[in-house]
1. So, in the range A:59-81, exactly how many residues are part of a helix (DSSP H, G or I) and either in contact with a Phe, Trp or Tyr (Cβ under 6 Å, 6 or more places away or on another chain) or within 14 Å of chain B (Cβ to nearest Cβ) (or both)?
2. Give B:THR30, B:THR6 a once-over and let me know the one that is of a type in the set (S, T, N, Q) and in contact with a Lys or Arg (Cβ under 7 Å, 6 or more places away or on another chain).
3. Exactly one condition in (1) at positive phi; (2) surrounded by fewer than 14 Cβ atoms within 10 Å (Cβ to Cβ) is false for B:HIS27; which is it?
4. Starting from the range A:102-130, keep only residues that are more than 15 Å from A:ASN54 (Cα to Cα) and exposed (fewer than 15 other Cβ atoms within 10 Å of the Cβ), then list their pairs with residues that are modelled with pLDDT under 90 and of a type in the set (S, T, N, Q) whose Cβ atoms are within a distance under 8 Å, requiring at least 6 positions of separation or different chains.
5. For chain B, please list each of the helices (runs of 4 or more DSSP H) lying entirely inside it that holds at least 1 residues being in contact (Cβ under 8 Å) with a residue 40 or more places away in the chain.
6. Being more than 8 Å from chain A (Cβ to nearest Cβ) and under 25 Å from A:LYS42 (Cβ atoms) is the filter here, so list the residues in the range B:30-60 that pass it.
7. When you check A:GLU25 against the structure, is it at pLDDT 90 or above and either aromatic (Phe, Trp, Tyr) or not in a loop (DSSP other than H, G, I, E, B) (or both), yes or no?
8. Go through the range B:9-19 and report how many residues are out of contact with any helix residue (DSSP H, G or I) (no Cβ under 6 Å at 6 or more places or on another chain) and under 14 Å from B:ILE34 (Cβ atoms).
Amino acid sequence: MACFIVPAAEAIVTTIAAKVLKKHEVSQKISHSGSHDEIIEKTSFSRKLGWLNNLLWGGSALLALEHVWHGEVVPWFPFLTAAGDPESKAEMLHEMSTVGVTMALLVTAVWAGMVIVSSVLEKKAAKLKLAANKK
Amino acid sequence: MTLLITVFAAIISTIVWYKHAPNDDMHVGTLSLIYWGASLMWTVDAVFEYAELKEEFFHPAAQDMLNDLFLGLTVVALGLIIWLIKLLIKDPKGVVKGALLSKKN
């Protein structure tokens, strides 16, 4: 009915967070006195947050199309057909709190897994680079 | 059917992204994340639907399957349109910018 609204709301929050974080990361200056070989590049957290934004915005947009397809979203106020009568409204809110929240949680959990895997890979690569430089 | 088509689109776009990694000039990574996001969300939808319908979930009517097929293809097209718009705005190869500048000159 309107389950995509929950991940879309999360996407708004994470997009703002990514923008703020990116500004903060740009303002930070990094100085390094060693050789270029000793520099280990890491994916910034704002970029990793960008993955979550793409997952949430993309998923919400495609799900919104499905809701338009089924006539659950209309281009006139109140935009959601279920918001018209109280019974459908209650059903819609129930769906948002169950299906919508689960969608947002699953996408966030998958993203957290991606972040953990990329951090582990980056640490491994850094260790290998340091070992190679010592030799 | 919509979920299945989106999952296939996600797998294909991920393979294309992986083939060209770490170079992602064409932002194929974004396209694959769009499809994976939708696939995850429709998986949740399917689980809730299965909990409600049980075995009936696996026996959809032919008319519903056809409708879902068209919806799946439309969803894939929308994903491609979103990706294309992002690609043209970011313009990593400077093609759009170059074309606009050459017209002005």
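1. Of all residues in the range A:59-81, those part of a helix (DSSP H, G or I) come to A:59-69, A:81.
Filter once more, so that each one left must be either in contact with a Phe, Trp or Tyr (Cβ under 6 Å, 6 or more places away or on another chain) or within 14 Å of chain B (Cβ to nearest Cβ) (or both): A:59-69.
Counting residues in the range A:59-81 that are part of a helix (DSSP H, G or I) and either in contact with a Phe, Trp or Tyr (Cβ under 6 Å, 6 or more places away or on another chain) or within 14 Å of chain B (Cβ to nearest Cβ) (or both) gives 11.
2. Working: B:THR6 fails: in contact with a Lys or Arg (Cβ under 7 Å, 6 or more places away or on another chain).
Within the list B:THR30, B:THR6, the selection yields B:THR30.
3. (2)
4. A:GLU122/A:THR43
5. Working: elements: B:2-20, B:28-53, B:62-90, B:95-104.
The helices (runs of 4 or more DSSP H) meeting that bar are B:2-20, B:28-53, B:62-90.
6. Of everything in the range B:30-60, those that are more than 8 Å from chain A (Cβ to nearest Cβ) and under 25 Å from A:LYS42 (Cβ atoms) turn out to be B:LEU31, B:SER32.
7. Values: at pLDDT 90 or above: no; either aromatic (Phe, Trp, Tyr) or not in a loop (DSSP other than H, G, I, E, B) (or both): yes.
It is false that A:GLU25 is at pLDDT 90 or above and either aromatic (Phe, Trp, Tyr) or not in a loop (DSSP other than H, G, I, E, B) (or both).
8. So in the range B:9-19, the residues out of contact with any helix residue (DSSP H, G or I) (no Cβ under 6 Å at 6 or more places or on another chain) come out as B:11-12, B:15, B:18-19.
Retained after the next criterion (residues that are under 14 Å from B:ILE34 (Cβ atoms)): B:11-12.
Residues flagged as out of contact with any helix residue (DSSP H, G or I) (no Cβ under 6 Å at 6 or more places or on another chain) and under 14 Å from B:ILE34 (Cβ atoms) within the range B:9-19 amount to 2.
The values are calculated or read from the model by the stated rules, or taken from the named source; none is laboratory data. Remember, predicted model here, so these are calculated numbers, not experimental data. Neighbour counts run over all protein chains shown; Cβ positions are idealised from the backbone, glycine included.
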